[in-house]
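Remarks on the structure that follows.
Throughout, read-outs are computed from the coordinates displayed, never taken from laboratory work. None of these values were measured; they are calculated from a predicted model. For neighbour counting, all protein chains shown are included, and Cβ atoms are generated from backbone atoms with ideal geometry for every residue, glycine included.
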Amino acid sequence: MSGLTATLLNISAQAASAAPSAGAAPAEQPYTIAEEGAWLPKGSSTFAEAYDSAWSQYIWISIVFFLIVIVPMVYFAFKYKRKSETEKTSPVDHNLTIEIVWTLVPTLVLFYMFWIGFKSYADIQVAPNEAMEIRLTGQMYNWTFEYPNGVVTTDLYVPKDRPVKLVMSSKDVIHSFWVPEFRVKQDVVPGLYTTMWFQATRETTTTVECAEYCGDGHSKMLTRVYVFEEKKFDEYYANDFDDPSNPVPPAVRGKRKYEALCASCHSLDGSRIQGPTFQGVWGRKEVLADGSEVTVDANYVKSSIVNPQGQLVQGYPPTMPSFSYLKEKDIDGIIAFLKEQK
Ligand code: CUA
């Protein structure tokens, strides 16, 4: 997009922030649409150039035609205003040349706009055969990714300069997987597989958003995409996407899992969202749906993660999905994190 367009259309400037380096400890960076705030964030996939060019052309074509129509309209309104009660309307009825021109030119322009849009759309629809296939599951209100080697993550890790294909489905309602920097967006639908693909062009950390209203936690259905150089990606991939040179303490690991999976339903400040708050949760006595009492300890936390409906706290709806895919060390991390919530 040209700088002039960016300036001209600076309607919803997003707070610009420096791109965090993807190398530093993952998941500590805030969720932001990084860089180039004005209109679209800086593109970082192979689709970005064609997409941004089409976008920019649409905007300029709209501006030009707006002026062509509106400026003469205002001018004629004054010029041909009836001056007196007795003034007669001009007998001119039509002009074939003008009518052909103002029909043909916009039609050709529309064909052109369709063509540049359709070309990009066709590219985005068809993934190359060699693309790495990642399974994505959307559910209220988080995303999970399963890689060909069986690793499951809550952030998305992808290699730079290699095509990645997402095969997506939803466990509950319609979500929409959107990575603004990659210029790709696709609905994630229950009972159906949808796919999309992209190829990242630079090392970056960027944001995934849910672009389809899916319930209370919709606006928090965010996660990150880490784009790594191929060599670094392979190292992380072999190590379950933990930084091989920088193992994280359990409570930090737990905090990341909390932010990715639990935060949309469990607050840390005592406020009630969908589920009980985690403020002071450790050691708390909870009354369960069947009237019995339980103390929140490691066993209760683990059973609530794996089988949430088993020991439901009284007064809360049975809406929590099972997170049985979490690894032992992730659950230990969550337990360590919960112990810190005074
Ligand atoms: Cu998921 Cu909105």
Query raised in the report: Given H placed 1.01 Å from N in the peptide plane, which residues other than close sequence neighbours of Q314 have an amide H under 5 Å from its amide H?
Result: V287, L288, A289
Report summary line: The size of the Cβ-based charge dipole (Lys, Arg +1; Asp, Glu -1) of segment 128-173 about the Cα centre, to the nearest 20 debye, is 20 debye
Query raised in the report: With the dipole of the chain worked out from charges on the C-beta (+1 for Lys and Arg, -1 for Asp and Glu) around the Cα centre, which of W39, F182, V71 lies farthest toward the positive end?
Result: V71
Query raised in the report: For T207, which sequence-distant residues (separation of 5 or more, or a different chain) have an amide H within less than 5 Å of its own amide H, given hydrogens modelled in the peptide plane?
Result: A34, E181, V225
Query - Karplus 3J(HN,Hα) series, Hz, for segment 271-282 with 6.51 cos²θ - 1.76 cosθ + 1.60 (x for Gly, Pro) - result: 6, 8, 10, 7, x, x, 5, 8, 5, x, 6, 5
Report summary line: Loop-resident chymotrypsin sites (Phe, Trp or Tyr not before Pro) in segment 138-211 with no more than 15 other Cβ atoms inside 10 Å, DSSP not H/G/I/E/B, are Y193
Report summary line: The long-range amide H neighbours of M140, using H built 1.01 Å from N in the peptide plane and a cut-off of under 5 Å, are D172, V173
Query raised in the report: Ordered by packing density, taken as the mean number of other Cβ atoms within 10 Å over each peptide's residues, highest first, how do 201-211, 315-325 rank?
Result: 201-211, 315-325
Query raised in the report: Can you give the charge dipole size of the chain about its Cα centre, rounded to the nearest 20 debye, using +1 on the beta carbon of Lys and Arg and -1 on the beta carbon of Asp and Glu?
Result: 740 debye
Report summary line: With +1 on the Cβ of every Lys and Arg and -1 on the Cβ of every Asp and Glu, the dipole magnitude of segment 109-231 about its Cα centre, in debye rounded to the nearest 20, is 120 debye
Query raised in the report: Can you give the net charge of the other residues whose Cβ lies under 14 Å from the Cβ of G150, counting K and R as +1 and D and E as -1?
Result: -1
Query - segment 152-160 - phi-based ³J(HN,Hα) in whole Hz, Karplus 6.51/-1.76/1.60, Gly and Pro as x - result: 10, 10, 9, 9, 9, 10, 9, x, 6
**Report entry** Inter-part distance where segment 203-281 and segment 42-118 are each reduced to a Cα centre, Å
**Finding:** 47 Å
Query raised in the report: Taking a 31 Å limit on the Cα-Cα distance, which of the listed pairs K165/K231; K232/K327; K160/K257; K42/K302; K171/K255; K231/K257 fall beyond it?
Result: K42/K302
Query raised in the report: Hey, what do the phi angles of segment 190-205 turn into as Karplus ³J(HN,Hα) couplings, whole Hz, using 6.51/-1.76/1.60 and θ = phi - 60°, x for Gly and Pro?
Result: x, x, 7, 9, 10, 10, 8, 9, 7, 9, 6, 10, 8, 5, 7, 10
Report summary line: From DSSP H assignment alone, runs of 4+ in the chain each adding -39500 (n - 2.57), the sum over residues rounded to the nearest 500 puts [θ] at 222 nm at -10000 deg cm²/dmol
Report task. Mind running the shape call on segment 187-269? Use the C-alpha gyration tensor, a ≥ b ≥ c as the square roots of the eigenvalues: rounded below 1.5 for a/c, prolate if a/b tops b/c, oblate otherwise. Result -> oblate
**Report entry** Span-like helix ranges in the chain, DSSP H, alpha carbon extent 27 angstrom or more, Kyte mean at least 1.0
**Finding:** 48-79, 96-125
